[in-house]
There are 2 protein chains.
Amino acid sequence: MTRRLDPDRRDRIIDACLELIAEAGVAGTSHRKVAERANVPLGSMTYHFTGMDELLREAFTRFSDTVVAVFEERLGAAGSVAEARAAVVGIIHDDLLASPRDLVLTHELYALAARSPEYRQITHRWMRRSRAALERHFSPDAAAQLDALIEGLSIHRALDTEPTDSRRTVDAVARITAP
Amino acid sequence: MTRRLDPDRRDRIIDACLELIAEAGVAGTSHRKVAERANVPLGSMTYHFTGMDELLREAFTRFSDTVVAVFEERLGAAGSVAEARAAVVGIIHDDLLASPRDLVLTHELYALAARSPEYRQITHRWMRRSRAALERHFSPDAAAQLDALIEGLSIHRALDTEPTDSRRTVDAVARITAP
DNA sequence: CAATCATGCGTACGAACGTACACTAGTTGC
DNA sequence: GCAACTAGTGTACGTTCGTACGCATGATTG
C-alpha cells in the first residue's frame, strides 16, 4: 500500500471550501477557487470528491457538527436550570452565529436544505442534537420552543436594524422556561 | 417618446428570476436561464438591469414586500389581542414559508444579507415592517420576541424532523404575550 | 531488479457564463 | 419625407467553469 503523501489534504479542501462559501457564497464557490485556497492542484478536487455536491455535503456536515458541539458543551456545563437559562442567553448573544462566517454558512446551508432532502438530513441531525441538549435541562415542550427562539433571536440579532437588547432575551427565555 | 412594446417585460424578468432561484438557488441562476424562462432575449437582461446584482436586489425586494404584505393583512384583520394571537399562530402554521418556494427564497436572501449590507437593507425593511405590524397589538418587547419566535418556529417547522405540534405553538405565543 | 499497481496530478476540452456594443426598427419633430 | 432619436436586440468575445483521462511517481511484490 502506498503511503499517503499528505494525509490531511482532504481536510484542507473542506476547510477551504467553508471559508470560501463564507466569503462568496455557494454561488461564488468553484472547484478551482477551492483548490487555489487549499493549495492543492485542481486535479485533487475530482480525486477526493466525486463532485461539488459531495464536497458541499461534507463541508456543511463538518460545519454543523462544530457549531452543535459548542452548543452541547455550553449547555452540558450548566448544573442547574438557572445556569442552563443563562447558558441559553449566552449562546444567543455570544456564541451562535456571532461571527459573520457562521451566519453566512448557516443560511447557505438552510437554503440548500430548503431545496433538497439530502441537505435536510444535515439540518435534521443538527436540530435533533441541539434539542436533545436542551432537553437535559428543560421539558420537551420548552426545549422545542427554546430551540426555535434561539434560532429566531440569533437571526434577528444579525439581520435586523435594532440593536440587541439582552434584557429582552433574558425575559423571553424566562417566559418559555417558566413552569 | 417611443411607446413601450411590452411594458411588463421587466416584471416578467423579475418573476422569472424568483422562480428560478426557488428552484436552483442563486448559485444556479444566470442571465441566460432567466431570459429563457421569462421569454425575453438575452440582450434584454443588460438593457433592463445593470447586472446580476441589480436584478437580485429587485427580485428579493419584491419577494419580501409580498410576504410582509400578507403578514400585515393577517394581523391587520385582528380586532383584539386574542385574535392577534390566533393570527400569529396561523401565520406560523399556514402562511409564512409554507411553500417550499418561500422557504428557499427567504434563506437565499438571508444568505446574501449575511454577506453584504446592500441586501441587509431588504431584511431590515422586512423586519421593521413585521415588527410594526405586531406592535399594533402587542408591546414592543413582546413584538420583538414574537417576531423572533415566528422566525424560529417557521424554520424549524420546515427544516426539522419533528412534525409540527400546534399546541406548542399556541403555548409559546401565549407565554410571550402574557402580561 | 523487474513487474505491477495504487496514488495523485497536469492538462485539455466543450459548455456556459457576463457583458459590451454595433445594430435594427419604429417614433417623433420639423 | 427626412433627420434625429430611442427602445430593444443579436451576436460575439474573453473568461471561467466542471470533468475526464492519460501519465508520472514511488511503493510493493516475487
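Scanning segment A:24-75 for residues that are at pLDDT 95 or above and not in a helix (DSSP H, G or I) turns up A:GLY25, A:THR29, A:SER30.
Within segment B:1-17, residues that are at pLDDT below 95 reach partners that are part of a loop (DSSP other than H, G, I, E, B) and more than 13 Å from DNA strand C (Cβ to nearest atom) with beta carbons closer than 8 Å, at six or more positions or on different chains, in the pairs B:ARG12/B:ASN39. For segment A:139-171, the set of residues classified as under 20 Å from B:ARG157 (Cα atoms) and of a type in the set (A, V, I, L, M) consists of A:ALA142, A:ALA143, A:ALA144, A:LEU146, A:ALA148, A:LEU149, A:ILE150, A:LEU153, A:ILE155, listed by residue number.
Scoring B:TYR119 on the criteria (1) in contact (Cβ under 8 Å) with a residue 60 or more places away in the chain; (2) open to solvent by 20 Å² or more (accessible area, probe 1.4 Å) leaves a single failure, condition (2).
Residues in segment A:100-114: is at least one surrounded by fewer than 24 Cβ atoms within 10 Å (Cβ to Cβ), without any contact (Cβ under 8 Å) to a residue 24 or more places away in the chain and within 9 Å of another protein chain (Cβ to nearest Cβ)? Within segment A:100-114, not a single residue is surrounded by fewer than 24 Cβ atoms within 10 Å (Cβ to Cβ), without any contact (Cβ under 8 Å) to a residue 24 or more places away in the chain and within 9 Å of another protein chain (Cβ to nearest Cβ).
Of all the criteria given as (1) in the same structural domain as A:GLY152 (by TED's automatic domain parsing); (2) among the small types (Gly, Ala, Ser); (3) assigned to a helix (DSSP H, G or I), the one not satisfied by A:ALA78 is (3).
Among the residues making up segment A:66-99, those that are touching a residue at least 24 places away in the same chain (Cβ under 8 Å) and either open to solvent by 50 Å² or more (accessible area, probe 1.4 Å) or within 14 Å of the chain's Cα centre (by Cα) (or both) are A:VAL67, A:VAL68, A:VAL70, A:PHE71, A:GLU72, A:VAL81, A:ARG85, A:ILE91, A:ILE92, A:ASP95, A:LEU96, A:LEU97.
The residues of segment B:32-47 that are within 25 Å of the chain's Cα centre (by Cα), within 11 Å of DNA strand C (Cβ to nearest atom) and in contact (Cβ under 8 Å) with a residue 24 or more places away in the chain amount to a single one, B:MET45.
The values are calculated or read from the model by the stated rules, or taken from the named source; none is laboratory data. From a predicted model like this one, the values you see are computed outputs, not experimental measurements. Note that we place each Cβ from the backbone using ideal geometry, even for glycine, and neighbour counts take in every protein chain shown. For the accessible areas, the whole protein counts, side chains as well, though only heavy atoms, and no ligand, DNA or RNA atoms are used. Shrake-Rupley method; radii C 1.70, N 1.55, O 1.52, S 1.80 Å.
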